[in-house]
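One structure is given below, encoded as C-alpha cells.
Bear in mind that the values in this text are calculations on the coordinates, not laboratory data. Quick caveat, the model's predicted, so the values are computed rather than measured. As a convention, Cβ positions derive from the backbone with ideal geometry for all residues, glycine included, and neighbour counts pool all protein chains shown.
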Amino acid sequence: MSAPRKSMLLTGNQAVAWGARLARPKVVPVYPITPQTPVLEQLTAFAAEGSFDAEIITPESEHSVMSACIPASLVGTRVFTATASQGLLLMHELLHYASGARAPIVMANVNRTVASPWAFWPDQTDSLSQRDTGWIQYYVESAQEALDTVIQAFRVAEQVLVPAMVNLDAFYISHSLEPVSVPEQSLVDGYLPAFDPPHRLDTDKVESWGNVVSQEMFFRHRQALSEAMARVPALAAQADVEWSKLTGRCHGVIERYRCDGARSVVVTMGSMCGTARDAVDLMRDAGLAVGLVKVRLFRPLPTAGLREALSGVDEVIVLDRNYSPGHGGVLHQELRAALYGSSVTPRIHGLLAGVGGVNVSPAKIVEFVQQARRGEVLADSQWVQ
C-alpha cells in the first residue's frame with residue numbers, strides 16, 4: 001500500500017530540490033551556475049522556512065564545493081550538491097578524488113553546453129566527459145523522474161560507497177513545469193535508511209584517507225572500486241522496483257517502450273526520450289514495428305541489459321545529444337562496444353542529433369528511422385539537424 005502523496009506543479013530544478021529535501025542530507029555545498037541556480041534557490045527557501053535541516057555552504061567556486069563535499073561525506077554525513085556545465089568541469093580533479101575516497105555524494109548536474117563558444121542550451125557533453133571519474137551516472141527524462149532518481153541515487157550510492165550523478169537536460173527539464181507527485185517524508189524515511197558507513201573520520205576511532213600507497217595497494221583499491229561498480233545495475237534495478245511498490249512509479253535501469261516485435265529501435269537518453277516516444281507512437285500507428293530503448297543508467301553501462309533489450313532487432317538508431325571530438329557520439333560508441341562480440345548484431349546508426357540544444361522533432365526521428373529501414377547508409381556519428 002503506497003503512502004499518501006501530493007501533486008505539485010514543479011520545474012525539474014524544483015523537483016531535484018524536493019528530492020534532496022526528502023533524502024535528508026546534512027551538508028549541502030553549492031555554487032550557483034545557470035541553469036542550476038534554481039536548485040540552490042529552492043533549497044535555501046526550504047532552509048529559511050525551517051523545512052530543510054541541512055548546513056548549506058556557498059564556497060567561492062565549484063572546485064571548492066566538491067572540496068567541501070568530500071570531507072563532509074567521509075565523517076559519515078549524507079551530502080548533496082548540484083552544478084552544471086563549466087562548474088562540473090571545474091570539479092573534474094575532485095570527482096576522481098571523491099570516487100577514490102568512496103564518498104557516496106549525490107550530485108545533480110543540469111546538462112548544458114560547454115564553452116567555447118559560450119552558450120546555455122541542453123547538451124550532455126559536460127557529464128559524459130566525466131564518465132571515467134568513477135561516478136554512477138543517471139540520465140532522467142522528466143521532473144518526476146528527477147525527484148525519484150535523486151532519492152534512489154542516495155540509496156544505491158550508499159550501498160556501494162560510490163558517488164552518484166543525476167543528470168537532467170537544461171531547460172527542457174530543468175525549467176519546464178509539470179505535475180510532480182511528491183511523496184510523504186515518512187515514505188522516503190522508510191525507503192532510505194540513515195547513512196551509516198563502516199568507516200569514517202572519527203577522533204575516537206582514528207582512521208585516515210588519502211595516504212601515499214604502493215603500486216599493489218593502488219591496484220587493489222581500483223579493483224575494489226570495479227567490484228562496487230559491478231554491483232550497481234542490480235542494486236539500481238532493485239531500488240527502482242522497491243520504489244515502484246511504494247509509489248507506483250517504475251523507471252527501470254533500461255526502459256523498453258513498445259519494443260515487442262520491433263525490428264527497428266531508437267536508443268537515446270534524457271529528455272529526447274519523450275520526443276522519441278511520440279515518434280514511435282506515430283510509426284506504430286502507421287504500422288511500422290518500431291520501439292524505443294531508453295538508457296537511464298549510463299555508468300556503469302548495463303551491458304547485459306542492453307544486449308537483452310536489443311536481441312532480435314535489425315536496426316538501431318542511436319540519438320546523441322553530445323559530441324566527443326574525433327570520436328563522435330558517446331552513447332553510440334558505448335553501445336557498439338557493449339554489443340561487440342555478442343550474438344546481438346543489429347546494424348547500428350549513430351546520429352549526432354540535438355547537440356547544443358538543437359530541436360529534434362518527432363517527424364525528424366521518423367525520418368531517421370525510415371532512412372535506416374530503407375537500407376540507406378547513415379554515416380557513423382552523422383550530424384543531423
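Structural remarks
- Size descriptors for segment 122-204, from the alpha-carbon set: Rg then Dmax equal 15.3, 48 Å.
- Lysines whose Cα lies under 26 Å from that of residue 26, excluding same-chain neighbours fewer than 8 positions away: 6, 205
- Residues of segment 12-37 with amide N under 19 Å of a point placed 7 Å along Cα→Cβ from residue 6: 12-24
- Rounded to the nearest 20, the Cβ-based charge dipole of segment 1-147 about its Cα centre (Lys and Arg +1, Asp and Glu -1) stands at 460 debye.
- Taking the C-alpha atoms only, the angle from helix 37-48 to the longest principal axis of the chain is near 40 degrees.
- Cross-link partners of residue 364 among lysines (Cα-Cα below 21 Å; sequence separation of 8 or more within a chain): 294
- Tensor-based shape of segment 164-293 (alpha-carbon gyration tensor, a/c under 1.5 rounded, otherwise prolate or oblate): prolate
- Note on the chain: antiparallel DSSP beta bridges, both residues inside, total approximately 25 percent of the bridges counted.
- In terms of the mean number of neighbouring beta-carbon atoms within 10 Å, the peptides 162-175, 66-79 order highest first as 162-175, 66-79.
- Angle between the chain longest axis and helix 272-285 axis [Cα atoms, degrees, rounded to 10]: 30
- Whole-angstrom gap from segment 69-128 to segment 192-268, using each part's C-alpha centre: 17
- Sites residue 203 and residue 337, calculated FRET efficiency, Cβ-Cβ separation with R0 35 Å, nearest 0.05: 0.15
- Computed helical MRE - 222 nm, the chain, DSSP H runs ≥ 4 contributing -39500 (n - 2.57), nearest 500: -12500 deg cm²/dmol
- Each residue, residue 308 and residue 186, gets one label point 7 Å from its Cα in the Cβ direction; the gap between the two is 3.6 nm.
- Taking only the alpha carbons of segment 283-385, we obtain Rg and Dmax values of 13.4, 39 Å in that order.
- Debye log10 I(q)/I(0) at q = 0.14, 0.22 Å⁻¹ for segment 35-87, Cα point scatterers: -0.39, -0.93
- For 364, 245, order by how many other beta-carbon atoms lie within 10 Å, fewest first: 245, 364
- As a proxy for reagent exposure, ranking 257, 340 by other Cβ atoms within 10 Å from fewest up yields 340, 257.
- Relative to the longest principal axis of the Cα atoms of the chain, the long axis of helix 62-74 lies at roughly 60 degrees.
- Spin-label model distance (nm) - residue 57 vs residue 44, 7 Å beyond Cα toward Cβ: 1.7
- The residues 343, 311, 181, 142, when put in order of fewest to most other Cβ atoms within 10 Å, stand as 343, 311, 181, 142.
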